[in-house]
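This report concerns only the one structure given below.
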Amino acid sequence: RSIRKNINDLTSAEIQSLKDSLQKVIDAPGMNYQRLASWHGWPGLCEHNGRKVACCHHGMASFPGWHRLYVRMLELVMTWQGAQIGLPYWDWTESFTELPALVTDDDHNPFHSGVVEALHETTSRAPRPQLFKDPELGEESFFYRQILLAFEQRDFCDFEVQFEVTHNAIHSWIGGSSPYGMSTLEYSAYDPIFFLHHANVDRQFAIWQALQKYRGLDYNSANCNIQELLMPLEPFNWDVNPIIVVRDYARGIDAFNYEQYSYQYDDLNFHGMTIAELEELLEERRHEDRVFLNFMLHGIETSADVTFDLCDSHDRCNFAGTFAILGGPLEMPWRFDRLFKYDVTKVFQQMHLRPDSDYHVQIHIRSVNGTELDPHLIEAPSVSFVPGIKDG
Ligand code: CUO
């Protein structure tokens, strides 16, 4: 059984063990790091309607399961190569001003960068300023607020949209304009920081499951997108997969029960809160009147940052928020079946807007390489006013 610890709590022996085993996975024949990285993106080992596509699932309910199996694959292969500890998770909802030392230290460190062997390219990172500095200038971290809204959801597919779109921004803002790195769907997994990010994403899924259990709601099954969740997730189910438990339990629906893959987290606390305390905080937040912009998102075959302004009747505009899209030429076509909600309560209040005021939303879409895209690629968001739940 692998134990996944917070990246900040590793001992120096554990750090060395992780570096040594990852290096061995890179150098190994067979199921090595290159092979595994190719399962996510480039060169596109899966097929969709007769076209070669990347195997990873994004923009759909099978996203958490696909990536759960994927992280476990690398972790197990590292264990075979002597890792004494599971993959650590990097909790990016805590404020941070630099990337974790495990990935920036450049002294014989396989986590520092990766290579795309067949293209003779090395991965790189070009972090955007908003990665380290809350674009909304809020008191708590941007990612913390976004993930709280995801945790609040009581339906798996509602949770999934909120949490997946939030995760996209980590990709986009670490990779920035780097052509071979985290902001691209094709090369993301070639940079080992990918797995520390996704260990955390998987832990967030596990925390949400623990919340659901605490709420007395479904936590190991879904009542939405069932047909999609019953399909095997390629390429985990293929015969070439040497990890039998992953090969045999390779459907989105199987992946809910992560205990069967024999790993666990050090704990499921979030910002020092137990599950019960976290649920209490989420309840409190539901008592406030809130305003949301609702976006219906779909693939645009590139990664992009979306920013949006709220503008009043005099065309005075204020920055209202940002999120990212992860995609690329090899992506499987995707379209969420529900809305991605973005809390704009604070901007609304600052601009003294009311539900019946005259205002509009201005969208900007900038692809990762810096090109401004047509804002109409995304449907204009709807606005909803959600009154706080009143006691009694
Ligand atoms: Cu496949 Cu983070 O999602 O990459």
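A few notes on this one:
- Residue within the range 119-140 that is closer than 30 Å to Ile26 by Cβ, open to solvent by 10 Å² or more (accessible area, probe 1.4 Å) and of a type in the set (A, V, I, L, M) present: yes
- Scanning the range 246-267 turns up one or more residues that are among the basic types (Lys, Arg) and under 21 Å from the mean Cα position of the chain (by Cα).
- Of the numbered criteria (1) small (Gly, Ala, Ser); (2) at positive phi; (3) within 11 Å of the ligand (Cβ to nearest atom), the one Gly176 fails is (3).
- The residue of the range 296-313 that is surrounded by the most Cβ atoms within 10 Å (Cβ to Cβ), among those that are assigned to a loop (DSSP other than H, G, I, E, B) and in contact with a Lys or Arg (Cβ under 9 Å, 6 or more places away or on another chain), is Leu297.
- Condition met for Asp202 (open to solvent by less than 20 Å² (accessible area, probe 1.4 Å), under 20 Å from the mean Cα position of the chain (by Cα) and acidic (Asp, Glu)): yes
- Any hit, the range 187-197, residues being open to solvent by 10 Å² or more (accessible area, probe 1.4 Å), in contact (Cβ under 8 Å) with a residue 40 or more places away in the chain and either within 25 Å of Ile365 (Cα to Cα) or away from the ligand (no atom under 16 Å from the Cβ) (or both): yes
- From Arg290, Arg354, residue being charged (D, E, K, R) and modelled with pLDDT of 95 or more: Arg290
- Search result, residues across the range 364-384 that are part of a loop (DSSP other than H, G, I, E, B) and surrounded by 16 or more Cβ atoms within 10 Å (Cβ to Cβ): Val368, Ile378, Pro381
- Restricting the first member to the range 63-89 and to residues that are within 12 Å of the ligand (Cβ to nearest atom), and the second to residues that are hydroxyl-bearing (Ser, Thr, Tyr), the beta-carbon pairs closer than 7 Å and six or more apart or on different chains are Arg68/Tyr258.
- Checking the range 88-98 against the condition returns a match, with at least one residue being closer than 24 Å to Asp9 by Cα, within 16 Å of the chain's Cα centre (by Cα) and of a type in the set (Asp, Glu).
- Verdict on Ser183 being more than 10 Å from the ligand (Cβ to nearest atom), hydroxyl-bearing (Ser, Thr, Tyr), surrounded by fewer than 24 Cβ atoms within 10 Å (Cβ to Cβ) and at negative phi: no
- Among the residues of the range 148-193, those that are touching a strand residue (DSSP E or B) at 6+ places or on another chain (Cβ under 8 Å), in a helix (DSSP H, G or I) and closer than 26 Å to Thr123 by Cβ comprise Val165, Thr166, Asn168, Ala169, His171, Ser172, Trp173, Tyr190.
- Meets criteria (more than 19 Å from Asn369 (Cβ to Cβ), within 15 Å of the ligand (Cβ to nearest atom) and crowded, with 18+ Cβ neighbours inside 10 Å) for Glu164: yes
The values are calculated or read from the model by the stated rules, or taken from the named source; none is laboratory data. Keep in mind it's a predicted model, so treat the numbers as computed, not measured. Backbone-built Cβ (ideal geometry, glycine too); neighbour counts: all protein chains shown. Remember, those area values only see protein heavy atoms, side chains included, never the ligands or the DNA or RNA. Shrake-Rupley method; radii C 1.70, N 1.55, O 1.52, S 1.80 Å.
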